[in-house]
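Scroll down for the structure; my scribbles are underneath it.
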Amino acid sequence: MTSRSQTSAILPAGVPADLDLVLVKAPAQVPAAAHDESVAQRVSEMLLRIDREGMDAVRAYSRELDGWDPPSFRVSDADVAAAREECSEQLRAAIAFAQDQIRNFSRLQRATLTDFETETLPGVFLGQRQVPVARVGAYIPAGRVPMLATPFMTVIVAKEAGVEQVVACSPPRQGRGIHAPVLHSIATSGADAIFALGGVQALAAMAFGLLEDVPASDMIVGPGNAFVAEAKRQLYGRVGIDLLAGPSEVTVLADESADPELVAADLLGQAEHGPTSPAVLVSTSRQFAEAVVVEIGRQLERLASLGGADEIPRRAWEDHGAAIVVGSPEDAVRVVDGLAPEHLEIQTDRDPWYFERLRNYGSIFIGQRATVAFSDKAIGTNHTLPTGLAARYTGGLSVAKFLKTLTFQRIDTDAGVRAIAPVVAEISRADLMPAHEATANLRLQRWAGESLS
């Protein structure tokens with residue numbers, strides 16, 4: 001346990017430099033670099049080859065990287081039916097329940113995003129329309145662990161936004177095509193076409209329009225590993241993307257009124273996502289922070305008894321976990337906003353106070369009954385959220401991401417021209433843009449009866 005002022009111990013990125021903090025537990029490693037040049041080079045080579053050689057290159061990479069080279073990558077209705085039968089009735093019911101929650105929340109979001117038209121000056125009408133993207137490609141990862149909820153968060157939300165075509169790609173698993181529960185989840189979420197194709201080659205195929213009779217996607221969404229994230233980075237501009245997601249993150253803001261067992265469980269729950277996932281406790285109580293660290297040790301031993309289930313969360317906690325003690329609630333707000341975590345839990349005796357003041361997070365979970373796992377799987381809000389400090393400037397995936405806010409203008413009266421044109425002409429002269437000035441003056445002459453040189 002060390003004071004910030006007495007040590008150069010590693011701290012999570014974003015923690016303000018001018019605060020005197022106590023580290024009950026510090027990370028053992030600095031955060032991984034956001035950009036890996038070797039990954040970027042490999043992805044660039046793959047995208048260039050696929051752009052030149054088309055589906056031949058896609059098939060070659062699938063064969064090389066996934067050992068998967070079927071006659072067609074497209075998933076058939078028979079494959080979907082077989083996947084359904086592999087899922088228990090209880091699992092199918094759980095998936096359907098979760099889908100309903102995401103669908104209902106998405107509809108509520110959509111209802112807040114409205115079209116309007118208003119008369120701002122006599123005869124001058126301005127407005128906006130919410131127009132959905134036409135075609136979306138959803139990437140559904142299925143690497144170390146399958147993620148059944150990802151189709152809920154991508155396919156369903158896009159469909160509720162009004163996207164006409166949603167194609168989904170998911171990697172083959174153990175040479176048998178898409179993992180059956182994941183395939184059932186994709187199909188019942190409403191994907192218009194499904195392909196058993198993974199990695200960079202899947203994103204390129206969707207972006208370049210190489211998937212049989214499916215047109216190129218206008219937007220690519222969904223999480224993935226470092227290569228998938230880099231492919232999205234390099235494809236951005238040619239297509240739209242949702243965001244660039246890194247390792248999953250959680251910060252729990254808790255005081256002595258919280259339950260150390262719950263807080264420890266929630267920190268380890270997110271650390272389970274991967275060995276580089278930061279899990280951070282911020283507390284105003286040193287005694288409570290110490291209790292949480294001890295409890296994490298107990299829970300890791302319990303996970304170890306389940307056949308090595310502790311390996312990933314243990315590495316994440318030891319290498320990237322932190323327990324930070326601050327001197328006041330105000331300092332806690334500064335630290336948490338500096339961390340800008342993907343997931344933020346508040347478990348204190350003044351939750352509303354913190355909720356009103358905190359502003360940098362992907363999604364927030366208020367009170368001891370709420371937990372990130374609920375949102376990861378089924379509660380209704382989206383689990384595709386900003387990481388790596390991106391919550392300072394963006395939110396997560398939502399219906400709004402699939403909508404384009406398009407503005408329009410209409411002038412119905414001569415009075416409207418008289419109100420706007422002289423101002424535009426004056427500003428255009430100052431900007432040294434005579435062609436702009438001419439467009440305004442011509443309208444004054446035609447509709448306002450003014451003779452101008």
Check: Any chance the range 334-342 includes a residue that's surrounded by fewer than 20 Cβ atoms within 10 Å (Cβ to Cβ) and over 25 Å from Arg392 (Cβ atoms)?
Finding: no
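Does the range 379-392 include one or more residues that are among the hydroxyl-bearing types (Ser, Thr, Tyr), assigned to a helix (DSSP H, G or I) and over 30 Å from Glu256 (Cβ atoms)? Break it down stepwise before answering.
The initial filter retains those residues of the range 379-392 that are among the hydroxyl-bearing types (Ser, Thr, Tyr), namely 381, 384, 387.
Cutting the leftovers down to assigned to a helix (DSSP H, G or I) gives us none.
Among the residues of the range 379-392, not one is among the hydroxyl-bearing types (Ser, Thr, Tyr), assigned to a helix (DSSP H, G or I) and over 30 Å from Glu256 (Cβ atoms), which makes the answer no.
Residue-by-condition table, conditions (1) out of contact with any Lys or Arg (no Cβ under 9 Å at 6 or more places or on another chain); (2) among the basic types (Lys, Arg):
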| position | (1), (2) |
| --- | --- |
| Glu230 | no, no |
| Arg233 | yes, yes |
| Gly240 | no, no |
| Asp266 | yes, no |
| Thr284 | yes, no |
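Restricting the search to the range 160-172, which residues are touching a helix residue (DSSP H, G or I) at 6+ places or on another chain (Cβ under 8 Å) and either of a type outside the set (Gly, Ala, Ser) or modelled with pLDDT under 95 (or both)? So that I can check it myself, show each step before the final result.
Pass one, the range 160-172, residues touching a helix residue (DSSP H, G or I) at 6+ places or on another chain (Cβ under 8 Å): 160-163, 166-172.
Of everything in the range 160-172, those that are touching a helix residue (DSSP H, G or I) at 6+ places or on another chain (Cβ under 8 Å) and either of a type outside the set (Gly, Ala, Ser) or modelled with pLDDT under 95 (or both) turn out to be Glu160, Val163, Val166, Val167, Cys169, Pro171, Pro172.
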Check: Scanning for something small (Gly, Ala, Ser), surrounded by 13 or more Cβ atoms within 10 Å (Cβ to Cβ) and under 30 Å from Val335 (Cα atoms), does the range 397-418 turn up at least one residue?
Finding: yes
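Among the residues of the range 225-271, how many are among the basic types (Lys, Arg) and part of a helix (DSSP H, G or I)? Don't jump to the end; show me each part of the working.
To start, the set of residues in the range 225-271 that are among the basic types (Lys, Arg) comprises 232-233, 238.
Filter once more, so that each one left must be part of a helix (DSSP H, G or I): 232-233.
Of the residues in the range 225-271, 2 are among the basic types (Lys, Arg) and part of a helix (DSSP H, G or I).
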Note to self: Can you pull out every residue in the range 388-426 that is closer than 30 Å to Gly14 by Cβ and free of Cβ contacts under 8 Å to residues at least 24 places away in the same chain?
What the structure shows: Tyr393
Notebook entry, point to check: What is the one condition in (1) assigned to a loop (DSSP other than H, G, I, E, B); (2) in the same structural domain as Val294 (by TED's automatic domain parsing); (3) more than 30 Å from the chain's Cα centre (by Cα) that Pro12 does not satisfy?
Noted result: (3)
Checklist line | Every residue from the range 11-26 that is modelled with pLDDT under 90 and closer than 21 Å to Ala264 by Cβ | finding: Leu11, Pro12
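A quick yes/no check of all residues on (1) surrounded by fewer than 22 Cβ atoms within 10 Å (Cβ to Cβ); (2) under 30 Å from Ser44 (Cβ atoms); (3) without any contact (Cβ under 8 Å) to a residue 24 or more places away in the chain:
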{"site": "Gly224", "(1), (2), (3)": "no, yes, no"}
{"site": "Gly240", "(1), (2), (3)": "yes, yes, no"}
{"site": "Leu244", "(1), (2), (3)": "yes, yes, no"}
{"site": "Asp259", "(1), (2), (3)": "yes, no, no"}
{"site": "Leu267", "(1), (2), (3)": "no, no, no"}
{"site": "Ala271", "(1), (2), (3)": "no, no, no"}
{"site": "Glu290", "(1), (2), (3)": "yes, no, no"}
{"site": "Glu295", "(1), (2), (3)": "yes, no, no"}
{"site": "Gly327", "(1), (2), (3)": "yes, no, no"}
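What do you reckon, is Ala229 assigned by TED's automatic domain parsing to the domain that holds Thr154 and modelled with pLDDT under 95?
In short, yes.
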Notebook entry, point to check: So Val200 clears everything in (1) farther than 19 Å from Thr154 by Cα; (2) buried (at least 22 other Cβ atoms within 10 Å of the Cβ); (3) in the same structural domain as Val75 (by TED's automatic domain parsing) except one condition, right? Which one?
Noted result: (1)
Checklist line | Filter result (β-branched (Val, Ile, Thr) and either touching a Pro at 6+ places or on another chain (Cβ under 9 Å) or modelled with pLDDT under 95 (or both)) within the range 338-359 | finding: Thr348
Note to self: Given the options Ala83, Ala138, Ala57, name the one that is buried (at least 19 other Cβ atoms within 10 Å of the Cβ), touching a helix residue (DSSP H, G or I) at 6+ places or on another chain (Cβ under 9 Å), farther than 28 Å from Ser189 by Cβ and not acidic (Asp, Glu).
What the structure shows: Ala57
Next item on the list: Collect the residues in the range 148-194 that are under 16 Å from Ser217 (Cβ atoms), among the hydrophobic types (A, V, I, L, M, F, W, C), in contact (Cβ under 8 Å) with a residue 40 or more places away in the chain and assigned to a helix (DSSP H, G or I), keeping them in residue-number order.
Entry: Val157, Ala158, Ala161, Ile186
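Determine whether the range 277-288 contains at least one residue that is among the basic types (Lys, Arg), part of a helix (DSSP H, G or I) and touching a residue at least 24 places away in the same chain (Cβ under 8 Å). Don't jump to the end; show me each part of the working.
Of the residues in the range 277-288, the ones among the basic types (Lys, Arg) are 286.
Filter once more, so that each one left must be part of a helix (DSSP H, G or I): 286.
Cutting the leftovers down to touching a residue at least 24 places away in the same chain (Cβ under 8 Å) gives us 286.
Yes.
Of all residues in the range 70-91, which are within 29 Å of Leu203 (Cβ to Cβ) and outside any loop (DSSP other than H, G, I, E, B)?
We begin by selecting, within the range 70-91, every residue within 29 Å of Leu203 (Cβ to Cβ); these are 70-84, 86-87, 91.
Selection gives Arg74, Asp77, Ala78, Asp79, Val80, Ala81, Ala82, Ala83, Arg84, Glu86, Leu91.
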Item checked: Residues of the range 118-147 that turn out to be within 18 Å of Gly222 (Cβ to Cβ) and of a type in the set (Ser, Thr, Tyr), as a count -> 1
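The values are calculated or read from the model by the stated rules, or taken from the named source; none is laboratory data. A quick note: this is a predicted structure, and the numbers were derived from the prediction, not measured. Please note: Cβ atoms are built from the backbone with ideal geometry, for glycine as well, and neighbour counts cover all protein chains shown.
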